[in-house]
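Enquirer: Structure incoming, see below.
The values are calculated or read from the model by the stated rules, or taken from the named source; none is laboratory data. Predicted model, so just to flag it, every value in this text is computed and none were measured. Cβ placement follows ideal geometry from the backbone for every residue including glycine, while neighbour counts extend to all protein chains displayed. Surface accessibility is based on the protein's heavy atoms, side chains included, excluding ligands, DNA and RNA. Shrake-Rupley method; radii C 1.70, N 1.55, O 1.52, S 1.80 Å.
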Amino acid sequence: MVATSPLQLLVLPASQLAAQPAAWLRNVLGVACFGSALPQALAGLDLPLAQVQVQALRQGTALSEVWSEVWIADAPLRAGVHGRLHWRCNEAVLFGVLTLAVDEPETQYAPEVDASLLCESAAKALPPHTSRPSSPLRRTTELAYDELFAAIETLGFPHLLRVWNHIPDINRESAGLEHYRQFNIGRQDAFLAHGRHVSGASVPSASALGAAGGAPLVVYFIAGRRPPVAIENPRQLSAYHYPADYGPRAPTFSRANLACIAGQSALFISGTASIVGHQTLHHGDVAEQTREILRNIEAVLRQAGTQGGKGLTLQDLHYKVYVRHAADQPAIQAELQQVVDDEVRALYLQADVCRVDLLVEIEAVALPTAQEFAC
Ligand code: 3EB
(Lines give C-alpha, C1' and ligand atoms only; values in the text may rest on other atoms or scores of the structure.)
Protein backbone atom coordinates (compact mmCIF):
# COMPACT_ATOMS: atom_id res chain seq x y z
CA MET A 1 0.00 0.00 0.00
CA VAL A 2 1.23 3.47 -0.84
CA ALA A 3 1.30 5.68 2.24
CA THR A 4 -0.81 8.80 1.90
CA SER A 5 -0.69 11.95 3.91
CA PRO A 6 -3.75 12.82 6.01
CA LEU A 7 -3.79 16.07 4.02
CA GLN A 8 -3.29 15.92 0.26
CA LEU A 9 -3.16 18.44 -2.53
CA LEU A 10 -4.35 17.92 -6.10
CA VAL A 11 -4.19 20.46 -8.91
CA LEU A 12 -6.57 19.85 -11.80
CA PRO A 13 -8.90 21.61 -14.23
CA ALA A 14 -12.12 22.66 -12.50
CA SER A 15 -14.12 20.82 -15.16
CA GLN A 16 -12.44 17.57 -14.08
CA LEU A 17 -13.24 18.26 -10.46
CA ALA A 18 -16.87 18.92 -11.33
CA ALA A 19 -17.02 15.52 -13.07
CA GLN A 20 -15.95 13.54 -9.99
CA PRO A 21 -18.47 11.17 -8.42
CA ALA A 22 -20.11 12.19 -5.15
CA ALA A 23 -18.18 9.50 -3.23
CA TRP A 24 -14.87 11.08 -4.28
CA LEU A 25 -16.05 14.55 -3.30
CA ARG A 26 -16.73 13.36 0.23
CA ASN A 27 -12.98 13.58 0.88
CA VAL A 28 -12.62 17.12 -0.42
CA LEU A 29 -11.81 19.48 2.43
CA GLY A 30 -11.88 22.61 0.32
CA VAL A 31 -11.12 24.06 -3.10
CA ALA A 32 -9.59 27.18 -4.60
CA CYS A 33 -10.45 27.90 -8.23
CA PHE A 34 -8.49 30.26 -10.43
CA GLY A 35 -10.23 31.84 -13.40
CA SER A 36 -13.20 33.93 -14.31
CA ALA A 37 -16.01 31.61 -15.42
CA LEU A 38 -16.54 28.90 -12.84
CA PRO A 39 -18.05 25.69 -14.24
CA GLN A 40 -21.72 25.62 -13.29
CA ALA A 41 -21.43 22.09 -11.94
CA LEU A 42 -18.96 23.29 -9.27
CA ALA A 43 -21.11 26.12 -7.99
CA GLY A 44 -23.80 23.56 -7.15
CA LEU A 45 -21.53 21.47 -4.93
CA ASP A 46 -21.69 21.99 -1.23
CA LEU A 47 -17.97 22.69 -0.83
CA PRO A 48 -15.97 25.56 0.63
CA LEU A 49 -14.90 27.10 -2.66
CA ALA A 50 -12.58 30.07 -3.00
CA GLN A 51 -13.20 31.61 -6.38
CA VAL A 52 -10.17 33.74 -7.19
CA GLN A 53 -10.21 36.04 -10.20
CA VAL A 54 -6.71 35.33 -11.49
CA GLN A 55 -5.87 33.16 -14.49
CA ALA A 56 -3.71 30.10 -14.80
CA LEU A 57 -0.74 30.35 -17.19
CA ARG A 58 0.94 28.00 -19.59
CA GLN A 59 3.70 28.85 -22.08
CA GLY A 60 3.43 32.52 -21.20
CA THR A 61 -0.27 32.68 -22.01
CA ALA A 62 -3.31 33.03 -19.80
CA LEU A 63 -5.60 30.02 -20.04
CA SER A 64 -9.34 30.42 -20.36
CA GLU A 65 -9.71 27.12 -18.52
CA VAL A 66 -10.37 27.41 -14.77
CA TRP A 67 -7.83 25.51 -12.64
CA SER A 68 -8.40 24.26 -9.16
CA GLU A 69 -6.35 23.45 -6.10
CA VAL A 70 -8.11 20.68 -4.20
CA TRP A 71 -7.31 19.84 -0.57
CA ILE A 72 -8.17 16.25 0.33
CA ALA A 73 -8.54 14.90 3.85
CA ASP A 74 -9.75 11.74 5.53
CA ALA A 75 -13.52 11.36 5.79
CA PRO A 76 -15.80 11.72 7.58
CA LEU A 77 -15.87 15.46 7.00
CA ARG A 78 -18.30 17.90 8.53
CA ALA A 79 -19.37 21.04 6.69
CA GLY A 80 -21.08 24.25 7.60
CA VAL A 81 -21.45 27.99 7.33
CA HIS A 82 -20.52 30.33 10.15
CA GLY A 83 -21.72 33.82 9.28
CA ARG A 84 -20.18 34.37 5.85
CA LEU A 85 -17.51 31.72 6.31
CA HIS A 86 -17.89 28.39 4.52
CA TRP A 87 -15.97 25.53 6.08
CA ARG A 88 -15.31 21.81 6.09
CA CYS A 89 -13.33 19.88 8.67
CA ASN A 90 -12.49 16.48 10.07
CA GLU A 91 -11.14 15.79 13.55
CA ALA A 92 -7.75 17.31 12.76
CA VAL A 93 -8.03 20.12 10.26
CA LEU A 94 -10.43 22.79 8.99
CA PHE A 95 -10.55 24.58 5.63
CA GLY A 96 -12.46 27.86 5.41
CA VAL A 97 -13.31 30.49 2.80
CA LEU A 98 -14.50 34.07 3.11
CA THR A 99 -15.52 36.11 0.07
CA LEU A 100 -16.36 39.72 0.86
CA ALA A 101 -17.32 42.41 -1.64
CA VAL A 102 -15.42 45.68 -1.33
CA ASP A 103 -18.07 47.86 -2.82
CA GLU A 104 -18.74 50.89 -0.67
CA PRO A 105 -18.07 54.29 -2.25
CA GLU A 106 -14.64 55.48 -1.24
CA THR A 107 -15.42 59.18 -1.06
CA GLN A 108 -17.20 59.00 2.27
CA TYR A 109 -14.05 57.87 4.05
CA ALA A 110 -11.19 59.91 5.38
CA PRO A 111 -7.89 59.35 3.61
CA GLU A 112 -5.56 56.75 5.07
CA VAL A 113 -2.76 59.10 6.01
CA ASP A 114 0.51 57.24 6.10
CA ALA A 115 1.86 58.38 9.44
CA SER A 116 5.33 57.13 8.54
CA LEU A 117 5.57 59.88 5.92
CA LEU A 118 4.75 62.68 8.33
CA CYS A 119 7.18 64.55 10.55
CA GLU A 120 7.11 63.39 14.13
CA SER A 121 4.98 66.18 15.59
CA ALA A 122 2.36 65.84 12.86
CA ALA A 123 2.25 62.08 13.36
CA LYS A 124 1.65 62.55 17.09
CA ALA A 125 -1.27 64.86 16.37
CA LEU A 126 -2.98 62.13 14.35
CA PRO A 127 -5.46 59.98 16.18
CA PRO A 128 -4.57 56.29 16.09
CA HIS A 129 -5.73 54.37 13.02
CA THR A 130 -8.51 52.65 14.88
CA SER A 131 -10.33 55.87 15.80
CA ARG A 132 -10.47 57.26 12.26
CA PRO A 133 -12.98 56.16 9.66
CA SER A 134 -11.27 53.57 7.54
CA SER A 135 -11.29 52.87 3.83
CA PRO A 136 -13.58 50.15 2.45
CA LEU A 137 -10.77 47.69 1.79
CA ARG A 138 -9.21 48.14 5.21
CA ARG A 139 -12.60 47.75 6.85
CA THR A 140 -13.51 44.72 4.74
CA THR A 141 -10.19 43.11 5.64
CA GLU A 142 -10.73 43.71 9.31
CA LEU A 143 -14.25 42.25 9.04
CA ALA A 144 -12.98 39.21 7.16
CA TYR A 145 -10.36 38.41 9.78
CA ASP A 146 -12.78 39.21 12.59
CA GLU A 147 -15.23 36.66 11.18
CA LEU A 148 -12.41 34.21 10.53
CA PHE A 149 -11.15 34.32 14.13
CA ALA A 150 -14.65 34.16 15.59
CA ALA A 151 -15.38 31.07 13.49
CA ILE A 152 -12.18 29.13 14.16
CA GLU A 153 -12.41 29.85 17.88
CA THR A 154 -16.04 28.64 17.99
CA LEU A 155 -15.37 25.59 15.84
CA GLY A 156 -12.41 24.47 17.96
CA PHE A 157 -9.64 25.02 15.41
CA PRO A 158 -8.06 28.13 16.96
CA HIS A 159 -4.64 27.74 15.32
CA LEU A 160 -4.33 29.41 11.96
CA LEU A 161 -1.81 27.38 9.94
CA ARG A 162 -1.95 28.77 6.42
CA VAL A 163 -3.80 31.74 4.87
CA TRP A 164 -4.18 32.85 1.25
CA ASN A 165 -5.30 36.42 0.61
CA HIS A 166 -6.41 37.81 -2.76
CA ILE A 167 -6.80 41.56 -2.71
CA PRO A 168 -8.56 43.33 -5.60
CA ASP A 169 -6.15 45.64 -7.45
CA ILE A 170 -3.50 45.05 -4.77
CA ASN A 171 -1.10 47.74 -6.03
CA ARG A 172 -3.70 50.43 -6.68
CA GLU A 173 -3.87 53.40 -4.38
CA SER A 174 -7.16 54.62 -2.97
CA ALA A 175 -7.85 56.90 0.00
CA GLY A 176 -4.17 57.87 -0.19
CA LEU A 177 -2.72 54.41 0.50
CA GLU A 178 -1.93 51.34 -1.59
CA HIS A 179 -4.47 48.52 -1.24
CA TYR A 180 -1.91 46.07 0.15
CA ARG A 181 -0.97 48.57 2.85
CA GLN A 182 -4.64 49.12 3.71
CA PHE A 183 -5.04 45.37 3.91
CA ASN A 184 -2.12 45.14 6.35
CA ILE A 185 -3.77 47.63 8.69
CA GLY A 186 -7.10 45.79 8.68
CA ARG A 187 -5.45 42.39 9.15
CA GLN A 188 -3.29 43.55 12.05
CA ASP A 189 -6.19 45.30 13.78
CA ALA A 190 -8.25 42.10 13.67
CA PHE A 191 -5.37 40.03 15.08
CA LEU A 192 -5.03 42.53 17.95
CA ALA A 193 -8.78 42.72 18.54
CA HIS A 194 -8.82 38.94 19.03
CA GLY A 195 -5.95 39.05 21.49
CA ARG A 196 -3.54 37.48 19.02
CA HIS A 197 0.13 38.25 18.65
CA VAL A 198 1.17 40.14 15.53
CA SER A 199 4.76 38.96 15.63
CA GLY A 200 6.60 35.85 16.69
CA ALA A 201 5.78 32.19 16.76
CA SER A 202 2.00 32.27 16.51
CA VAL A 203 1.51 34.20 13.27
CA PRO A 204 0.42 32.01 10.34
CA SER A 205 2.14 31.32 7.06
CA ALA A 206 0.46 33.26 4.26
CA SER A 207 0.41 34.58 0.74
CA ALA A 208 -1.01 37.96 -0.31
CA LEU A 209 -1.64 38.54 -4.01
CA GLY A 210 -3.75 40.60 -6.30
CA ALA A 211 -7.00 39.83 -8.03
CA ALA A 212 -8.93 41.68 -10.71
CA GLY A 213 -10.10 45.20 -9.86
CA GLY A 214 -13.69 45.06 -8.64
CA ALA A 215 -13.28 41.45 -7.50
CA PRO A 216 -14.16 40.64 -3.89
CA LEU A 217 -11.57 40.17 -1.17
CA VAL A 218 -11.03 36.40 -0.94
CA VAL A 219 -9.42 34.86 2.13
CA TYR A 220 -9.10 31.10 2.39
CA PHE A 221 -7.21 29.17 5.03
CA ILE A 222 -6.33 25.98 6.84
CA ALA A 223 -6.64 25.90 10.64
CA GLY A 224 -5.77 23.24 13.16
CA ARG A 225 -6.25 22.01 16.72
CA ARG A 226 -2.61 22.40 17.73
CA PRO A 227 -0.18 25.29 17.31
CA PRO A 228 2.29 24.91 14.43
CA VAL A 229 6.02 25.51 14.75
CA ALA A 230 6.78 28.84 13.09
CA ILE A 231 9.87 29.07 10.88
CA GLU A 232 11.67 32.25 9.83
CA ASN A 233 14.25 32.73 7.09
CA PRO A 234 17.69 33.82 8.34
CA ARG A 235 18.26 35.60 4.99
CA GLN A 236 15.20 37.78 5.46
CA LEU A 237 14.00 40.15 8.12
CA SER A 238 10.80 38.71 9.58
CA ALA A 239 7.96 40.36 7.70
CA TYR A 240 6.28 41.36 10.97
CA HIS A 241 9.39 43.47 11.65
CA TYR A 242 9.46 45.26 8.30
CA PRO A 243 10.21 49.00 8.69
CA ALA A 244 7.48 51.56 7.96
CA ASP A 245 8.84 52.17 4.42
CA TYR A 246 6.57 49.28 3.38
CA GLY A 247 3.45 50.65 5.02
CA PRO A 248 2.21 51.96 8.36
CA ARG A 249 1.64 48.40 9.66
CA ALA A 250 3.87 45.44 9.06
CA PRO A 251 2.38 42.32 7.47
CA THR A 252 1.31 39.58 9.87
CA PHE A 253 2.79 36.31 8.64
CA SER A 254 5.65 33.90 9.25
CA ARG A 255 7.97 32.68 6.50
CA ALA A 256 6.79 29.09 6.99
CA ASN A 257 5.46 26.70 9.56
CA LEU A 258 5.40 23.03 10.37
CA ALA A 259 1.99 21.77 11.35
CA CYS A 260 1.08 18.45 12.83
CA ILE A 261 -2.07 17.17 11.16
CA ALA A 262 -3.48 13.79 12.20
CA GLY A 263 -0.05 12.51 13.19
CA GLN A 264 1.81 13.68 10.07
CA SER A 265 3.86 16.85 9.52
CA ALA A 266 2.98 19.40 6.85
CA LEU A 267 5.35 22.21 5.92
CA PHE A 268 3.66 25.36 4.64
CA ILE A 269 6.04 27.86 3.01
CA SER A 270 4.61 31.36 2.64
CA GLY A 271 4.69 33.35 -0.57
CA THR A 272 8.41 33.98 -1.07
CA ALA A 273 9.84 36.85 -3.06
CA SER A 274 13.20 38.20 -4.18
CA ILE A 275 13.72 39.93 -0.87
CA VAL A 276 16.88 39.76 1.22
CA GLY A 277 16.83 41.56 4.55
CA HIS A 278 13.80 43.69 3.79
CA GLN A 279 14.91 44.90 0.37
CA THR A 280 13.78 43.84 -3.08
CA LEU A 281 16.69 42.54 -5.16
CA HIS A 282 17.08 42.25 -8.96
CA HIS A 283 14.72 44.98 -10.13
CA GLY A 284 13.44 44.19 -13.61
CA ASP A 285 15.18 40.79 -13.88
CA VAL A 286 12.68 37.98 -13.53
CA ALA A 287 15.22 35.14 -13.89
CA GLU A 288 17.41 36.59 -11.13
CA GLN A 289 14.37 37.18 -8.94
CA THR A 290 13.38 33.54 -9.38
CA ARG A 291 16.87 32.33 -8.44
CA GLU A 292 16.83 34.54 -5.33
CA ILE A 293 13.44 33.11 -4.37
CA LEU A 294 14.77 29.57 -4.69
CA ARG A 295 17.71 30.49 -2.45
CA ASN A 296 15.20 31.84 0.05
CA ILE A 297 13.10 28.68 -0.10
CA GLU A 298 16.23 26.56 0.38
CA ALA A 299 17.12 28.68 3.41
CA VAL A 300 13.63 28.09 4.81
CA LEU A 301 14.04 24.34 4.22
CA ARG A 302 17.39 24.39 6.04
CA GLN A 303 15.79 26.26 8.92
CA ALA A 304 12.87 23.83 8.95
CA GLY A 305 15.45 21.05 9.15
CA THR A 306 16.50 22.30 12.58
CA GLN A 307 12.89 22.50 13.78
CA GLY A 308 11.42 19.10 12.90
CA GLY A 309 11.42 19.15 9.10
CA LYS A 310 14.76 17.43 8.63
CA GLY A 311 15.62 16.22 5.15
CA LEU A 312 12.94 18.04 3.15
CA THR A 313 14.28 19.28 -0.19
CA LEU A 314 13.08 21.33 -3.16
CA GLN A 315 12.04 18.01 -4.76
CA ASP A 316 9.49 17.38 -2.03
CA LEU A 317 7.48 20.55 -2.61
CA HIS A 318 4.28 21.42 -4.46
CA TYR A 319 4.67 24.94 -5.84
CA LYS A 320 2.33 27.76 -6.69
CA VAL A 321 3.95 30.51 -8.73
CA TYR A 322 2.44 33.99 -9.01
CA VAL A 323 3.63 35.83 -12.10
CA ARG A 324 3.09 39.58 -12.58
CA HIS A 325 3.57 39.58 -16.36
CA ALA A 326 2.26 36.48 -18.15
CA ALA A 327 5.09 36.65 -20.70
CA ASP A 328 7.66 36.05 -17.91
CA GLN A 329 6.22 32.63 -17.08
CA PRO A 330 8.48 30.50 -19.34
CA ALA A 331 11.64 32.16 -17.93
CA ILE A 332 10.46 31.44 -14.39
CA GLN A 333 9.60 27.85 -15.25
CA ALA A 334 13.04 27.34 -16.79
CA GLU A 335 14.71 28.49 -13.55
CA LEU A 336 12.52 26.25 -11.43
CA GLN A 337 13.34 23.26 -13.63
CA GLN A 338 17.06 23.99 -13.22
CA VAL A 339 16.96 23.34 -9.48
CA VAL A 340 14.17 20.82 -9.10
CA ASP A 341 14.98 17.62 -10.91
CA ASP A 342 12.11 15.27 -11.70
CA GLU A 343 8.87 16.72 -12.76
CA VAL A 344 8.15 19.99 -10.99
CA ARG A 345 4.71 20.12 -9.46
CA ALA A 346 3.80 23.76 -10.08
CA LEU A 347 0.71 25.81 -10.82
CA TYR A 348 1.43 29.15 -12.51
CA LEU A 349 -1.01 32.01 -11.99
CA GLN A 350 -1.03 35.53 -13.36
CA ALA A 351 -1.36 37.77 -10.30
CA ASP A 352 0.02 41.05 -9.09
CA VAL A 353 2.46 40.82 -6.20
CA CYS A 354 2.42 43.01 -3.11
CA ARG A 355 5.37 45.23 -4.04
CA VAL A 356 5.40 46.86 -7.47
CA ASP A 357 9.06 45.91 -8.00
CA LEU A 358 8.39 42.19 -7.46
CA LEU A 359 7.83 40.24 -10.69
CA VAL A 360 7.26 36.83 -9.17
CA GLU A 361 6.38 35.17 -5.87
CA ILE A 362 6.50 31.45 -5.10
CA GLU A 363 4.80 29.52 -2.30
CA ALA A 364 5.19 25.85 -1.52
CA VAL A 365 3.94 23.02 0.63
CA ALA A 366 5.41 19.67 1.63
CA LEU A 367 3.05 16.90 2.69
CA PRO A 368 5.53 14.15 3.52
CA THR A 369 4.30 10.64 4.09
CA ALA A 370 7.48 9.10 5.44
CA GLN A 371 7.61 7.63 8.93
CA GLU A 372 10.22 10.20 10.04
CA PHE A 373 7.64 12.94 9.60
CA ALA A 374 5.17 11.35 11.96
CA CYS A 375 4.39 13.81 14.71
C1 3EB B 1 7.25 39.47 1.28
O2 3EB B 1 8.12 38.65 1.58
C3 3EB B 1 6.50 39.24 0.02
O4 3EB B 1 1.21 39.92 3.48
O5 3EB B 1 0.54 37.87 3.86
C6 3EB B 1 4.51 37.19 0.96
C7 3EB B 1 3.72 36.34 1.71
C8 3EB B 1 4.24 38.54 0.96
C9 3EB B 1 2.67 36.84 2.47
C10 3EB B 1 1.31 38.70 3.32
C11 3EB B 1 3.19 39.03 1.73
C12 3EB B 1 2.41 38.18 2.47
O13 3EB B 1 7.02 40.48 1.95
C14 3EB B 1 5.05 39.49 0.14
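Enquirer: Mind checking which residues of segment 153-177 are under 14 Å from the mean Cα position of the chain (by Cα) and part of a loop (DSSP other than H, G, I, E, B)?
Expert: Within segment 153-177, just 170 meets the criteria.
Enquirer: Considering every residue within segment 270-290, establish whether at least one is within 14 Å of the ligand (Cβ to nearest atom), in a loop (DSSP other than H, G, I, E, B), closer than 23 Å to residue 98 by Cβ and not aliphatic (A, V, I, L, M).
Expert: Checking segment 270-290: not a single residue is within 14 Å of the ligand (Cβ to nearest atom), in a loop (DSSP other than H, G, I, E, B), closer than 23 Å to residue 98 by Cβ and not aliphatic (A, V, I, L, M).
Enquirer: Those residues that are of a type in the set (D, E, K, R) and surrounded by fewer than 18 Cβ atoms within 10 Å (Cβ to Cβ), I need them from segment 332-346; list them, please.
Expert: Of all residues in segment 332-346, those of a type in the set (D, E, K, R) come to 335, 341-343, 345.
Of everything in segment 332-346, those that are of a type in the set (D, E, K, R) and surrounded by fewer than 18 Cβ atoms within 10 Å (Cβ to Cβ) turn out to be 341, 342, 343, 345.
Residues checked against (1) touching a Pro at 6+ places or on another chain (Cβ under 8 Å); (2) surrounded by fewer than 17 Cβ atoms within 10 Å (Cβ to Cβ):
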| position | (1), (2) |
| --- | --- |
| 240 | yes, no |
| 244 | no, yes |
| 263 | yes, yes |
| 310 | no, yes |
| 313 | no, yes |
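Enquirer: Among the residues of segment 178-199, what is the count of those that are of a type in the set (S, T, N, Q) and assigned to a loop (DSSP other than H, G, I, E, B)?
Expert: First pass over segment 178-199, keeping only residues of a type in the set (S, T, N, Q): 182, 184, 188, 199.
Next, only the ones that are assigned to a loop (DSSP other than H, G, I, E, B) stay: 199.
Residues meeting the conditions: 1.
Enquirer: Let me ask you something else. Of the residues that make up segment 331-347, is at least one within 16 Å of the chain's Cα centre (by Cα) and within 16 Å of the ligand (Cβ to nearest atom)?
Expert: Within segment 331-347, none of the residues are within 16 Å of the chain's Cα centre (by Cα) and within 16 Å of the ligand (Cβ to nearest atom).
Enquirer: Give the residues of segment 64-93 that are β-branched (Val, Ile, Thr) and touching a residue at least 40 places away in the same chain (Cβ under 8 Å), sorted by residue number.
Expert: Step one: list which residues in segment 64-93 are β-branched (Val, Ile, Thr), which gives 66, 70, 72, 81, 93.
The answer is 66, 70, 72, 93.
Enquirer: Please name all residue pairs, on different chains or six or more residues apart, with Cβ atoms under 7 Å, provided the first residue is in segment 325-354 and is farther than 10 Å from residue 60 by Cα and the second residue is part of a helix (DSSP H, G or I) and open to solvent by 60 Å² or more (accessible area, probe 1.4 Å).
Expert: 335/291; 340/315; 341/315; 342/315; 344/337
Enquirer: Now for a separate question. Across segment 229-269, which residue is farthest from residue 196 (Cα to Cα) among those that are part of a strand (DSSP E or B) and among the hydroxyl-bearing types (Ser, Thr, Tyr)? So that I can check it myself, show each step before the final result.
Expert: Within segment 229-269, the subset part of a strand (DSSP E or B) is 229-231, 236, 254, 256-261, 264-269.
Of the ones still in play, those that are also among the hydroxyl-bearing types (Ser, Thr, Tyr) are 254, 265.
Numbers: 254: 14, 265: 24 Å.
For segment 229-269, the residue satisfying everything is 265.
Enquirer: Of everything in segment 246-261, what is open to solvent by 10 Å² or more (accessible area, probe 1.4 Å) and away from the ligand (no atom under 11 Å from the Cβ)? Give them in sequence order.
Expert: Initially, segment 246-261 is screened for residues open to solvent by 10 Å² or more (accessible area, probe 1.4 Å), giving 246, 248-250, 253, 255, 258, 260.
Passing the criteria: 248, 258, 260.
Enquirer: Does residue 198 fit the bill of being within 15 Å of the ligand (Cβ to nearest atom), open to solvent by 30 Å² or more (accessible area, probe 1.4 Å) and either touching a Leu at 6+ places or on another chain (Cβ under 9 Å) or over 22 Å from residue 151 (Cα atoms) (or both)? Talk me through it step by step, then tell me what you get.
Expert: Working: within 15 Å of the ligand (Cβ to nearest atom): yes; open to solvent by 30 Å² or more (accessible area, probe 1.4 Å): yes; either touching a Leu at 6+ places or on another chain (Cβ under 9 Å) or over 22 Å from residue 151 (Cα atoms) (or both): yes.
It is true that residue 198 is within 15 Å of the ligand (Cβ to nearest atom), open to solvent by 30 Å² or more (accessible area, probe 1.4 Å) and either touching a Leu at 6+ places or on another chain (Cβ under 9 Å) or over 22 Å from residue 151 (Cα atoms) (or both).
Enquirer: Let me ask something else about it. Could you list, in sequence order, all residues of segment 348-375 that are open to solvent by 30 Å² or more (accessible area, probe 1.4 Å) and within 14 Å of the ligand (Cβ to nearest atom)?
Expert: Going through segment 348-375, the residues open to solvent by 30 Å² or more (accessible area, probe 1.4 Å) turn out to be 350, 352, 356-357, 369-372, 374-375.
352, 356, 357, listed by residue number.
Enquirer: Continuing with this model, one more query. Where the second residue is more than 14 Å from the ligand (Cβ to nearest atom) and open to solvent by 50 Å² or more (accessible area, probe 1.4 Å) and the first is within 13 Å of residue 136 (Cα to Cα) and in contact (Cβ under 8 Å) with a residue 40 or more places away in the chain and lies in segment 181-196, which pairs have Cβ atoms under 6 Å and are six or more apart or on separate chains?
Expert: What qualifies is 186/142.
Enquirer: Can I ask one more? From 58, 88, 84, which residue is open to solvent by 20 Å² or more (accessible area, probe 1.4 Å), out of contact with any Leu (no Cβ under 7 Å at 6 or more places or on another chain) and not β-branched (Val, Ile, Thr)? Spell out how you get there, then give the answer.
Expert: On the way: 88 fails: out of contact with any Leu (no Cβ under 7 Å at 6 or more places or on another chain); 84 fails: out of contact with any Leu (no Cβ under 7 Å at 6 or more places or on another chain).
Testing whether each residue is open to solvent by 20 Å² or more (accessible area, probe 1.4 Å), out of contact with any Leu (no Cβ under 7 Å at 6 or more places or on another chain) and not β-branched (Val, Ile, Thr) leaves just 58.
Enquirer: Follow-up question, since we're still on this one. What single numbered condition from (1) outside any loop (DSSP other than H, G, I, E, B); (2) open to solvent by 30 Å² or more (accessible area, probe 1.4 Å); (3) in contact with a Cys (Cβ under 8 Å, 6 or more places away or on another chain) fails to hold for residue 226?
Expert: That leaves (1) as the condition not met.
Enquirer: Within the bounds of segment 50-67, is there any residue that is modelled with pLDDT of 80 or more and among the charged types (D, E, K, R)? Steps first, answer last, please.
Expert: We begin by selecting, within segment 50-67, every residue modelled with pLDDT of 80 or more; these are 50-67.
From what is left, the residues that are among the charged types (D, E, K, R) are 58, 65.
Yes, that holds for at least one residue.
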